[in-house]
Ligand SMILES: *[C@@H]1O[C@H](CO)[C@@H](O)[C@H](O)[C@H]1NC(C)=O
Ligand SMILES: [Zn+2]
């Protein structure tokens, strides 16, 4: 267990840290905000809502909804930038955010520490401190100009649920240790390397990651040192958890997609996180004058790229029409296949010049790893055919390739029942079945799947919008999220 990096860091004068609460605010005004949050007594907690049959339900509205929403707003203001939310790996604001989370962990009855990658941990032993532990996590870092729910909701809903157990004196009834982890890096904004926090704990981060540099040439190791964390190769390897000591990992996260909103339900269970391939396609033709080269004599890489992109769209919409398969594989389809060309550039990029070279990216995701391979194979064959026909050259490079992470079926069905009973308790009547979704976005659970079985819940967000200040989750959906985690924890007693 490492000592907290931010307890006494001489390199971080508070005056350097800016908040978006107001231009001249300081740590003290932040603390004032924290103290202004309504105090909650256990008497309040039992003031549950009344359902139609007049039966009192204990739904802990004040902790699981009102206080959780207030906390999301508090954390949403802890930013390195003025006017928008930005908290990158071990930035001044992320250290503050970690300290605030640590305070909430302690209030929930957890013992806390910060590890050598800056992850914030809070743990309660329950009945048997040597039993395998349940880990619950999400990330405290954000993208640039982020929303306030991405990452934070998973941490806050877990802490709210544990706070309810703490107030009710039930923490000691947990049959295994429960540990909440606020991961220091998931988005990978600063070092262009995602999952620095969770991958270290899962033991899949190479020690060379310490030497990755940010834009200003500062390495991960430098940043840790600035925060009073001296990390050596040995202590780096000690970050890895022993798989024998862990029972499983769960994570609650906003969906970042539109499915739950379209079915009208606050919660869904995730069956797996999509695998992903990123390609860079370079098409070279013959650069020329836009006015003088006849159409029949052109080798235009731009028109070729357009055809390649349309081909990609067709294959990804209807893979069954393109994949050649033998008799055994009849009906083979690639589940939830999505493909995107998000970046394109050309040389020399002038309105009166036939380009000499066009480069574009392909981002392909599906939960079906074999399907992804088959689609990539078919795609590159057909792309080369198109390029040959058009007499342009075409080079396809694989820049990133990661297999899907499947969620554990047992853990998923427990999370599904917890989500169902939370929705039912809130509605006071039977509700629709909890949808089962695929995650197209990466999550810490993807890294943690290398360590232990994982399960995930998704929470509805407005319009499916994320990585934007427009990201929004209804207060009652925050409540449903906390209640689902609480219900899940009740199965661990
Ligand atoms: C506590 O957990 C350990 C490890 O699973 C087990 O061997 C031991 O029997 C448990 N103790 C009790 C009192 O249940
Ligand atoms: Zn996230």
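Every number here is computed from the coordinates shown, using simple stated rules; none is lab data. Nothing here was measured: the structure is a model prediction, and the numbers come from that model. All Cβ positions, glycine included, derive from the backbone under ideal geometry; neighbour counts span all protein chains shown.
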What does the extension gain come out to for residue 384 and residue 450, with contour length at 0.36 nm per residue minus their alpha carbon separation? 20.1 nm
Just want the ordering: 163, 416, 77, from fewest to most Cβ atoms lying within 10 Å of their own Cβ. 77, 416, 163
Label model pair residue 295, residue 225: point-to-point distance (7 angstrom along the Cα→beta-carbon line) in nm is 6.3
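Among 123-133, 178-188, how do they line up from the highest to the lowest mean number of other beta-carbon atoms within 10 Å?
Highest-to-lowest ranking by the protection proxy: 178-188, 123-133.
By per-residue mean of other Cβ atoms within 10 Å, what is the highest-first order of 260-269, 109-118? Please list the in-between numbers first.
Working: 260-269: 19.0, 109-118: 21.0.
In decreasing order of mean packing, 260-269, 109-118 become 109-118, 260-269.
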Highest mean packing first, using Cβ neighbours within 10 angstrom, the peptides 476-482, 405-411, 97-103, 231-237 sort as 476-482, 97-103, 405-411, 231-237
By DSSP, what percent of the beta bridges with both residues in the chain are antiparallel, rounded to the nearest 5? 70
Quick one: Debye curve from the alpha-carbon atoms of the chain only, equal weights, vacuum; give me log10 I(q)/I(0) at q = 0.05, 0.11, 0.13, 0.14 Å⁻¹ to two decimals. -0.22, -0.96, -1.23, -1.36
Over the chain, what relative contact order in percent results from Cα pairs under 8 Å that are six or more residues apart? 20
Based on DSSP H runs of at least 4 residues, each adding -39500 (n - 2.57), what is the mean residue ellipticity at 222 nm of the chain after dividing by all its residues, to the nearest 500 deg cm²/dmol? -10000 deg cm²/dmol
7 Å from Cα along Cα→Cβ at both residue 280 and residue 173: what's the point-to-point distance in nm? 5.7
Residue 208-residue 470 pseudo-label distance in nm [points 7 Å out on the Cα-to-Cβ vector]: 4.0
Pairwise centroid distance, computed over Cα atoms, of segment 89-126 with segment 221-296, Å: 24
So what is the relative contact order of segment 275-402, in percent, for Cα pairs below 8 Å that sit 6 or more residues apart? 46
Degrees separating the helix 475-490 axis from the principal Cα axis of the chain, which is the longest one: 70
What do you get for the angle between helix 301-317 and the principal long axis of the chain? Use alpha-carbon atoms, 0 to 90 degrees, nearest ten. 50
